[in-house]
Amino acid sequence: MGRALANRRSLRRLMLITVLIALTGCATEFERRFDEAERLRSEAAAADSEWLETGDLLAQAQQAASRDDLDAAMVLVERARFQAEMAIKQAAREADAWAGRVVK
Amino acid sequence: MNLRIRKAAAVPGAIVAALLVQQIALAGPEEDRLAFVAYFQSRFPDIPFEQFANGIYAIDSDARSQWLEIEEFPPYEFAVERGKELWHKALPNGTMLADCFAAQLPDIRGQFPSFDVASGEVITLELAINDCRIENNQPPLEYDSSEMIDLTAYLAFEARGTKVDVRVPDDQPGALAAYESGKRFYYSKRGQLNFACADCHVTSAGQWVRADRLSATIGHTTHFPVYRSKLGGMISLQKRFAGCIRDVRAKPFELQSTQYRNLEYFLSYMSNGLEWNGPGARK
């Protein structure tokens, strides 16, 4: 009887530790992706090419993460990263392309 | 063999083409302006050059008749009156704003934008007003504050009938660099919608965008600040820039940022020869 109780307690402890590790891992992964998206947003801004919503998406991602809604946070941060990457590509393309539009 | 020859010939050909594009892009300000005028006069052959100062009201006759009725009781009149009072009111140390300017009315509006050699930057009317206040120990005005709008509305009103004559001095490389930066901004696509200013106001000038028609580039800077009916208030030229940037879903820049001042420099040069006709009224 006493041994079964001890086993159940051990099992609960193990489950709790597993959940904590998973949550911490997600949070760390979120932070990594957030930092990367923010770095790309900043690069787009330095090229005068930041899109309208990118900063707001990152702010919303942080809010979602602070509510422990990591699924939503990940989706938002991915949208921000995608926008920032597109903005950087746009700036690189426009470095030469603008000249072809000059009225002559 | 033939293919190899064609490939070999294509390389210098591509280089020549690239250099030609670059040469065209780097044409001087006056060549740019003349090309603009010729372009818009060929697009709108029935519109006299001086009418481009009226923006879309030069192109759209229905909108023009509505605008002329609005001008019977101009909604910007109160701003002009308030601006006149502010202009003629001494600062606490007794200095008048007018004392800070080399020119006198009605020519103060026409002095800007200009390139300042000392700072290496484009100076706009708003910046010059704030510089004057700072020199006289007064806090600068917010660029879209009613005081700033009122002052610029008054100076624009006084300048009516004088001609836009923005200079890009040949002997100041910084001035040409600022002009080129504004030009590049104007032709560069940006934002989620991937639009350049020129896509709307050059390529598509006169076309409909939902219920509105797009104005031509020349004349864009002559009539600001404007009273916008849809906002129920006055806005500055650079606030309008920010609106366009937002419309293409790009993040707007700060008012009086280097980007907007250089853009104002380029666009104002494109309006050289037209009359200053601000403040204006727009939908």
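Just so it is clear, none of the values below were taken in a lab; they were calculated from the coordinates. As the structure is a prediction and not an experimental result, all values here were calculated from the model. FYI the Cβ positions are ideal-geometry reconstructions off the backbone, even for glycines, and counts take in every protein chain you see.
What is the calculated FRET efficiency for A:Ala59 to B:Arg249, with r their C-beta to C-beta distance and R₀ = 22 Å, to the nearest 0.05? Mind showing how you got there, number by number?
Numbers: r = 17 Å, r/R0 = 0.77.
Working from the Cβ atoms, E equals 0.85.
Determine ³J(HN,Hα), in whole Hz, for all residues of segment B:220-230 in sequence, where each value follows from phi through the Karplus function 6.51 cos²θ - 1.76 cosθ + 1.60 and θ = phi - 60°; x replaces Gly and Pro.
Karplus-based 3J(HN,Hα) across segment B:220-230 equals 4, 9, 6, 10, 8, x, 10, 8, 9, 4, 5 Hz.
For segment B:77-158, give the magnitude of the charge dipole about the Cα centre (Cβ charges: +1 Lys/Arg, -1 Asp/Glu; no others), in debye to the nearest 20.
About 180 debye.
Would you mind telling me the antiparallel percentage of the DSSP bridges in the protein assembly as shown, rounded to 5?
On the way: 11 of 14 bridges.
In the protein assembly as shown, approximately 80 percent of DSSP beta bridges are antiparallel ones.
In nm, what is the difference between 0.36 nm times the number of residues separating B:Ser42 and B:Ser204 and their Cα-Cα distance?
On the way: separation 162, 0.36 × 162 = 58.32 nm, distance 1.37 nm.
Full extension of this stretch gives 57.0 nm more.
State the cysteines of chain B left without a partner when partners are defined as other cysteines whose beta carbon lies under 4.7 Å away.
Flagged as lacking a Cys partner: B:Cys197, B:Cys200, B:Cys244.
With everything on Cα atoms, drop me the angle between helix B:173-187 and the longest principal axis of chain B, reported from 0 to 90° to the nearest 10.
Once rounded, one gets 80 degrees.
Label B:Met96 and B:Ser146 with points 7 Å out from Cα along Cα→Cβ: what is the distance between them in nm?
Going by the 7 Å Cα→Cβ label model, 2.5 nm.
Any idea what angle helix B:2-25 forms with the longest principal axis of chain B, computed on alpha-carbon atoms, 0 to 90 degrees, nearest 10?
The helix B:2-25 is inclined about 10 degrees to chain B.
Over chain B, with a Gaussian network built from C-alpha contacts below 10 Å, which listed residue (B:Val164, B:Val209, B:Val226) shows the highest mean-square fluctuation?
Result: B:Val209 has the largest fluctuation of those listed.
Report the calculated FRET efficiency for B:Phe49 and B:Asp107 (r = Cβ-Cβ distance, R0 = 25 Å), to the nearest 0.05. Could you put the intermediate results ahead of the total?
Values: r = 22 Å, r/R0 = 0.88.
Efficiency, rounded to the nearest 0.05: 0.70.
So what are the ³J(HN,Hα) numbers for segment A:58-68, from phi and the Karplus equation (6.51, -1.76, 1.60; θ = phi - 60°), rounded to whole Hz, Gly and Pro as x?
Result, ordered by residue: 5, 5, 5, 4, 5, 5, 4, 5, 5, 8, 6 Hz.
I need the per residue convex hull volume for segment B:22-80, using only the alpha carbons, in cubic angstrom as a whole number. Write out the running numbers ahead of the final one.
On the way: hull volume 7.5 nm³, N = 59.
Per-residue hull volume (Cα only) is 128 Å³.
Would you kindly give the portion of the calculated P(r) for chain B that falls above 24 Å, as a percent of all Cα pairs? Could the numbers behind the result be given before it?
Values: 21371 of 39903 pairs.
Tail fraction, whole percent: 54.
Counting other Cβ atoms within 10 Å, which trypsin sites (Lys or Arg not before Pro) in segment A:46-86 have at most 10 and lie in a DSSP loop?
On the way: sites: A:Arg67, A:Arg79, A:Arg81; in loops: A:Arg67.
Taking segment A:46-86 and a limit of 10 other Cβ atoms within 10 Å, the loop trypsin sites (Lys or Arg not before Pro) found are A:Arg67.
How large is the translational diffusion coefficient of segment B:146-283 in µm² per second when you combine the Kirkwood radius over alpha carbon pairs with Stokes-Einstein at 37 °C and 0.692 mPa s? Provide the component values of the computation, followed by the final result.
Working: Rh = 15.7 Å.
Stokes-Einstein gives a translational diffusion coefficient of 210 µm²/s.
Could you grab the Rg to Rh ratio for segment B:77-158? Cα atoms only, Kirkwood for Rh. Please report the intermediate quantities before stating the final value.
Working: Rg = 12.1 Å, Rh = 12.9 Å.
Here Rg/Rh amounts to 0.94.
How high is the FRET efficiency from A:Arg93 to B:Glu69, r the C-beta distance, R0 45 Å, rounded to 0.05? Please list the in-between numbers first.
On the way: r = 45 Å, r/R0 = 1.01.
Plugging the Cβ-Cβ distance into 1/(1 + (r/R0)^6) gives 0.50.
Relative to the longest principal axis of the C-alpha atoms of chain B, give the angle of the C-alpha long axis of helix B:237-247, reported between 0 and 90° and rounded to the nearest 10°.
Taking Cα atoms only, the helix is inclined about 50 degrees.
Counting DSSP beta bridges with both partners in chain B, what percentage is antiparallel, nearest 5? Kindly include the intermediate steps, with their values, before the conclusion.
Working: 10 of 13 bridges.
Approximately 75 percent, going by the DSSP bridge assignments.
Note down the relative contact order for chain B as a percent, whole number, built from C-alpha pairs under 8 angstrom at least six residues apart.
On the way: 432 pairs, mean separation 70.8, N = 283.
25 percent.
Taking amide H positions as placed in the peptide plane 1.01 Å from N, state which residues far from B:Gly280 in sequence (5 or more) or on other chains have amide H under 5 Å from it.
Long-range HN contacts for B:Gly280: B:Val226, B:Tyr227.
Under 15 Å from a point placed 7 Å out from the Cα of A:Ala47 along the Cα-to-Cβ direction: which residues of segment B:194-213 have their backbone N that close?
B:194-195
For segment B:118-184, just list the percent of Cα-Cα distances falling in each 10 Å bin from zero outward, please.
Answer for segment B:118-184: a P(r) of 17, 37, 38, 8 percent.
Springs between alpha-carbon pairs under 10 angstrom, Gaussian network model over chain B: which of B:Arg190, B:Arg160, B:Arg210 fluctuates most?
B:Arg210
Given the pairs A:Lys89/B:Lys189; B:Lys163/B:Lys283; B:Lys239/B:Lys283, which are separated by over 18 angstrom at their Cα positions?
B:Lys163/B:Lys283
What full-extension length gain, to one decimal in nm, is calculated for B:Leu193 and B:Asp131 as 0.36 nm per residue of separation minus the Cα-Cα distance?
On the way: separation 62, 0.36 × 62 = 22.32 nm, distance 3.71 nm.
Value of the extension gain: 18.6 nm.
Once you keep just the Cα pairs under 8 angstrom separated by 6 or more residues, what percentage relative contact order results for segment B:77-158? Don't skip to the end; give the middle numbers.
Details: 90 pairs, mean separation 35.6, N = 82.
The value is 43 percent.
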